[in-house]
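Data first, discussion second: the structure below is written as structure tokens.
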Amino acid sequence: MTLLAIASLGVLAVLYTVYRRFTRISIRHIRGPRSESFFLGNLKEFYQSQAGIAEFKWEEEFGDVVRIKAAFREDKLLVSDPKALQYVYQTCGYNFPKTPERRELSRLVAGRGLTWADGDIHKRQRKVMLPGFGMPETKALVPIFSRCAEQLTTQWKDILDDEKSGEKVFNVSAWMARATLDALGLGAFDYNFGAMDNADNELKRAYSNLLADLFGSPTALGIFAQNTSHWLPMWLVQSITDYLPSAALDRSRKNSDVAASVAKELIQSKSSELLLGKGGRDVMSLLVKANASENENTKLSEAEMVAQMRTLMLAGHDTTANTMSWALFELSKQPDIQVKLRNEIREKESYVHSRGDGDFKLADLDGMPYLLAVIKEVLRFHPVVANTYRQAGRDDVLPLAKPIITETGEAITEIPISKGTRIITSIAGYNRNRDLWGADADRFNPERWFNERDHSKKAGSVGVYGNLLTFAGGIRSCIGWRFALIEIQTFLIEMVGNFEFALAVDPGKIRRENCIIMVPTIEGEMEKGVQMPLKVSVAPRD
């Protein structure tokens, strides 16, 4: 190709780019914060602030849809409006696919599983996985979770027996991560990870502080690289993440190898049991069985099955462990709520024993209104995933529940967007929307849930539980949300029923670190990983 031809192609490419910029639907009239830099826009404040802090500030000033600047002055929409979110998640789910760079992060930490998949691939994978997450299957998990929670209680009481003061500061995040990993292993895979027994388990080591180490405290360069990678061919981005020498990427690759090895071993074991006419009711056995019944065009490949296991390993214990940490943190800050919850637990416990049972059943868990109110408030106030990332798959129009004011002073109730418009859905912002949750939406208050119908009327259908967006919604909602909910119920009953929790450090020093999921860290101690230190003592019984 001649130099003239190359130059001509370059000129045509520039002209096309300029043409697209000035003819595509513009969102420049949507108000937002002033850009801090040409190379990072508002991204540095967004990613380096604690989870939700930047968006709470911007949404307070500009409304439920905010335009923020990304690298090279690219416009993005930060959305917390209920009607717009309902449209993105429920009405047109597959028309708003995940952004390519976020899909690549999913591939990096969990493989090409359900959190990575989109479109027809996602439909096929979800169809095969659904049988493992029905209500009967989830109901059977209650005694498994109870045993894991009771094991944690026994270990804590043994440690406290040796303390003269009767109390000890525990990093509850580390303990919850171990307990929920065992609960996940037994409930989802019928496999004992041995995390509570301090077994030298390679998988436990691989997942310890994984997301905090990989994505916590991002540098300006890291933010820039992540948010410009979608302009590169995805095969090149994948090659970089697969082969570039880097301590963080090496850690992720090691995790991938360990998790894949365990997953393959379990899949082979479950498949052999199925051939012998056996098979349990754990999620993995049901997944192998469901996959075997599919025809060749719809069943999952071995690589996809491994990815589903990796997805469950990561999402199934880290999210629950951190939700439990935030729950105990709030109960430590407000002892009156803790006492009220403990009284309800003890009352229900007496009822269970009076009928001759030693264990709680699912109906008992669901029959504790204050427990459910506390859990919903924790999920609302501390969503472990604060944001998701989407892009418009076609030219479209976002409807709004509440008008916003444009740069020109016009009040609008819908926003035309062009194909490719990048959207950050603000789960944290929606969960604290004052129009939905009241003027005290920024306060932790379980009592609000006794007016739950009012919230549903105002929001319409958005989230799968309590109309919260914590488990997302629509076709991309968390497939294991019931699994997670029952696990949280079971652990809270055991923990609060047996122990008193109090603050061990100034609560202002606890950071909501955004590492894909929101984890607790201590200000100035990021190198120590995930921390939630709380004073723990045995709760007295009358």
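Data table
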read-out	value
Accessible area of the range 337-450 belonging to carbon and sulfur atoms, whole % at 1.4 Å probe	51 percent
Neighbour net charge for residue 474 - beta-carbon separation under 12 angstrom, K R +1, D E -1	+3
Cross-link reach list, lysines versus residue 164, counting only Cα pairs under 25 Å and skipping chain neighbours closer than eight places	333, 535
q = 0.14, 0.21, 0.24 Å⁻¹: log10 I(q)/I(0) that the Debye formula gives for the range 345-431, counting C-alpha atoms only	-0.72, -1.06, -1.15
Carbon plus sulfur fraction of accessible area for the range 213-330, probe 1.4 Å, in percent	59 percent
Rg/Rg_globular for the chain, with Rg_globular taken as 2.2 N^0.38 Å and Rg from C-alpha atoms	1.00
Which of 292, 279, 339, positive extreme of dipole for the range 229-354 (C-beta unit charges)	339
Label-point separation in nm, residue 37 to residue 281, each point 7 Å along Cα→Cβ	5.6 nm
Lys, Arg +1 and Asp, Glu -1 on Cβ, resulting dipole of the range 230-323 about Cα centre, debye, nearest 20	180 debye
Cβ-Cβ FRET estimate between residue 419 and residue 506, R0 fixed at 56 Å, reported to 0.05	0.70
Residue 500 long-range amide H proximity, modeled H, under 5 Å	537, 538, 539
Degrees separating the helix 53-62 axis from the principal Cα axis of the chain, which is the longest one	50 degrees
Accessible area expressed per residue, the range 325-472, with surrounding protein chains retained (probe 1.4 Å, Å²)	40 Å²
Rel. contact order, % - alpha carbon contacts under 8 angstrom, at least six apart, the range 37-110	25 percent
Rel. contact order, % - alpha carbon contacts under 8 angstrom, at least six apart, the chain	25 percent
Degrees, to the nearest 10: 481-498 long Cα axis against longest axis of the chain	40 degrees
For the range 22-100, with +1 on Lys and Arg beta carbons and -1 on Asp and Glu, the positive-most of 95, 43, 54 along the dipole	95
Cα radius of gyration and Dmax for the range 431-542 (Å)	17.1, 48
Accessible surface of residue 478 - all protein chains present, 1.4 Å probe, nearest 10 Å²	60 Å²
Normalised per residue, the volume of the convex hull around the Cα set of the range 76-151 (Å³)	172 Å³
Helical mean residue ellipticity (222 nm; -39500 (n - 2.57) per DSSP H run of 4+; nearest 500) of the chain	-16500 deg cm²/dmol
Percentage, to the nearest whole number, of Cα pairs in the range 383-442 over 17 Å apart	57 percent
Loop-located GluC sites (Glu not before Pro) in the range 238-299, at most 16 other Cβ atoms within 10 Å (DSSP)	294, 296
Area projected by the alpha carbon convex hull of the range 253-348, averaged over all directions, nm²	9.7 nm²
Angle between the chain longest axis and helix 302-333 axis [Cα atoms, degrees, rounded to 10]	70 degrees
For a label point 7 Å along the Cα-to-beta-carbon line of residue 29, residues of the range 419-437 with backbone N under 19 Å	419, 421-422
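The values are calculated or read from the model by the stated rules, or taken from the named source; none is laboratory data. This is a predicted model, so every value here is computed, not measured. Positions of Cβ are backbone-derived with ideal geometry, glycine not excepted, and every protein chain shown enters the neighbour counts. Note: accessible area is taken over every heavy atom of the protein model, side chains too, but ligands, DNA and RNA are not part of it. Shrake-Rupley method; radii C 1.70, N 1.55, O 1.52, S 1.80 Å.
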